[in-house]
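Structure first, then comments.
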There are 4 protein chains.
Amino acid sequence: MSGTITTVVGNPKPGSRTLGAATTLTEALAPAVWDGEIDHTAVDLATIANGLLAPWLLSSEAKSAAESVLNSGVLVIATPTYKASYTGLLKLFLDVFPAGSLSSTVVVPLIVSGGPAHRHLGDLQLRPVLSELGAVLPAPSLLLEESELARLDELVRSYVARHGALLAAAVSSLATAAAAEIKEKENV
Amino acid sequence: MSGTITTVVGNPKPGSRTLGAATTLTEALAPAVWDGEIDHTAVDLATIANGLLAPWLLSSEAKSAAESVLNSGVLVIATPTYKASYTGLLKLFLDVFPAGSLSSTVVVPLIVSGGPAHRHLGDLQLRPVLSELGAVLPAPSLLLEESELARLDELVRSYVARHGALLAAAVSSLATAAAAEIKEKENV
Amino acid sequence: MSGTITTVVGNPKPGSRTLGAATTLTEALAPAVWDGEIDHTAVDLATIANGLLAPWLLSSEAKSAAESVLNSGVLVIATPTYKASYTGLLKLFLDVFPAGSLSSTVVVPLIVSGGPAHRHLGDLQLRPVLSELGAVLPAPSLLLEESELARLDELVRSYVARHGALLAAAVSSLATAAAAEIKEKENV
Amino acid sequence: MSGTITTVVGNPKPGSRTLGAATTLTEALAPAVWDGEIDHTAVDLATIANGLLAPWLLSSEAKSAAESVLNSGVLVIATPTYKASYTGLLKLFLDVFPAGSLSSTVVVPLIVSGGPAHRHLGDLQLRPVLSELGAVLPAPSLLLEESELARLDELVRSYVARHGALLAAAVSSLATAAAAEIKEKENV
């Protein structure tokens, strides 16, 4: 099966290490989810931030990024931890989506923290927002302290080995349901 | 495939409406997950509460309830909302499990609240605890305000119609992974 | 005693009803806290949003807004509820401050929600961020559902009657401590 | 002024190190809040747990502990971190109180965690429950990792030095308001 995956990065610095980590995760995860062609879009929010200032005033780049998310089977969302939570930039982007609009999307959060005391905090704060969007979150988030970025490849490999099959099963189930719904509508 | 499902109810009142709602959900959900024989255990924590006062002093009934959870493919956890959260009785029981011990268990929370202002609160508070236990939570929780219990059957049916296939896919994926792990160990 | 109060509004729409509510609260609260001259700054984040896109790239208006907050005895923070939380725009602004930098500031959150099911959610999500900033939060937040804005004056009056003295006591205690600290440094 | 302080400890082990830490905090804090006679009650929940199994079935010891809390100007609440949150035993006790019933009580949480990754988690989960009870929480919680218990005295002293005056101001303000309310009722 072929698939569509989008990576969204909420670090206000363009080309951040958060983006690097999210790309590594996406590239390892996609082939564990789909065996066919993979369509990957990366959205580095730092580069389109000034088009995100209000949900009703999106730039064309911001609209295109949101559409990419809505058309994806899997969404990798990555953020550093700012003030014990995800970044404001990431929330600006999430504020664009209607409640429930990610109910057919498997979301995999990747949270980078400065150290152990903040390890879980970004994830704790992000999940209620993703829930409000209806996001399907079958696996735990990939939590990385900055010092762990040195062994990113190994940690990503281990994450995908552990959770890849479950994520693939969720994606496949949601794709089947979406196809059935489309067919039902055509038959009406 | 046959399956094992446990229902755990955290209402301090034995035989509560929370238990009734959880039983209805369990009976509707199980056949959507498995097509074979289903082994169902219901744990009404109110009836074994005095055996749960410390994780190292469990009664035999409490131990047996915990084992039932650990051997289940699906766990339905139901609680009323007390003080904007799940009940202390439910947490007493969850405190029994080691961190990560539910990583092969699909958990479906059912949260009953007194009214709309508390609709989401029990769920928001419960999920971080379940995450610490490693619980697999692919679907949103079933949230029920007390006034909605009058149309429980309809709301449960709609929940299972919407999320049953995804839950089944997750259970099946975890069962396959567990079987592979057992086989690998035998071959070593 | 004279005092300094800043109102910060995180609604992406300039001149929003959130701003109106926050101004009403500020004007009722300030004379309950100080009996002397009051210096009031209002920051409508929607009007300076494009200067907030990264903490290291602030516009002069954004810097000035942040300084105003840091020099205030009381900070009224107002936000509508977007995606079950505070807005991304508000978080962009909060990301500007170092951890602990509000430890001498009494913060009064005002959270507007679309309806009862979201009544508590913005507050639940905002408080951990404010805690990370060290904010002093002696009173509950003023929670307003949109339908309650029609009787804003009455609800604000009742809030100030109930919590004004406690907030004043906290402000006074922190001002005394700050003055003692300055004196100690001068004597060294 | 004389005062009443209650210490409540949610560790299921009687006579725990959590109790020791909470006692140390209480003894250092009380004289920073009141200069007169201090009435101190310590409630080690582990010793009365079986009287707490349902809010409507309290033992006389449990009732007496709850009354002590309701009559206190300051409540020190201490808990270890179990499953990324406060203990079930503590929540059993908090479930006893009506919503809003601690609105004249200054609460000081003390949270012991096993290590840095859980440092903030118990506090994050406890505060929404305390808010529902109306608790007045002007100061940050005292967070202690187990390894920090070795220098408990120093950390407690530093906490009281930093937050004692603010806590005293809040207690005094609430006592004044309570006295005025009683007088008003007498005059009616």
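Read the figures in this text as sums done on the coordinates, not as results from a lab. In this text, all values refer to a predicted model and were calculated from it rather than measured experimentally. All Cβ positions, even for glycine, are placed from backbone atoms using ideal geometry, and neighbour counts span all protein chains on display.
What nm value, rounded to one decimal, do you get for the distance between residue D:47 and residue A:32 when each label is placed 7 Å out toward the C-beta? About 5.1 nm, to one decimal.
Between B:143, B:100, B:117, the Cα set farthest toward the positive side of the dipole of the range B:89-157 (charges on each charged residue's Cβ, about the Cα centre) is that of B:100. Past 31 Å, Cα to Cα: identify those pairs from B:63/B:183; A:91/D:13; A:83/D:91; A:83/D:83; B:183/D:91; A:63/A:83, in the order given. Pairs exceeding 31 Å: A:91/D:13; B:183/D:91.
The H on the amide N of residue B:82, modeled in the peptide plane, is under 5 Å from the matching H of B:87, each at least 5 residues off or on a different chain.
Placing unit charges on the Cβ atoms only, positive for Lys and Arg and negative for Asp and Glu, gives the protein assembly as shown a dipole magnitude near 0 debye about its Cα centre. Between the alpha-carbon centres of the range A:1-56 and the range D:9-23 there is a gap of 47 Å. Counting charges near residue B:1 (Lys, Arg +1; Asp, Glu -1) among other residues having Cβ under 11 Å from its Cβ returns a value of -2. Charging the Cβ of each Asp and Glu at -1 and of each Lys and Arg at +1, and nothing else, the dipole of the range B:135-183 about its Cα centre rounds to 300 debye.
What you get for chain B, charging only the Cβ of Lys and Arg (+1) and of Asp and Glu (-1), is a dipole of about 440 debye around the Cα centre. With the gyration tensor restricted to C-alpha atoms of chain B, the semi-axes of the equivalent ellipsoid amount to 25, 21, 14 Å, longest first. In the range D:1-146, Cα pairs under 8 Å separated by at least six residues give a relative contact order of 26 percent. Around the amide H of residue A:43, modelled in the peptide plane, lie the amide H atoms of A:7, A:8, A:9, all under 5 Å away and 5 or more residues distant in sequence or on another chain.
Charge tally around residue A:49: other residues with Cβ under 15 Å, Lys/Arg +1 each, Asp/Glu -1 each, net 0. For the range B:1-57, the convex hull spanned by the alpha carbon atoms encloses 82 Å³ per residue. Taking amide H as placed 1.01 Å from N in the peptide plane, the amide H of residue A:58 sits under 5 Å from none that are at least 5 places away or on another chain. Treating the point 7 Å from Cα along Cα-beta-carbon as the label, what are the nm separations from residue D:115 to the other copies, to one decimal? List, nearest first: 1.6, 4.5, 4.5 nm. Taking every residue in A:25-31 and counting other chain Cβ atoms within 10 Å of its Cβ, the average works out to 0.
Spatially, the range D:123-150 and the range C:82-104 are offset by 21 Å when compared through their Cα centroids. Compactness check for the range D:1-106: Cα Rg over 2.2 N^0.38 Å is 1.04.
Going by the alpha-carbon gyration tensor, a ≥ b ≥ c the square roots of its eigenvalues, is the protein assembly as shown rounded (a/c under 1.5) or, if a/c is not under 1.5, prolate (a/b greater than b/c) versus oblate? Oblate, since a/c reaches 1.5 and b/c is not below a/b.
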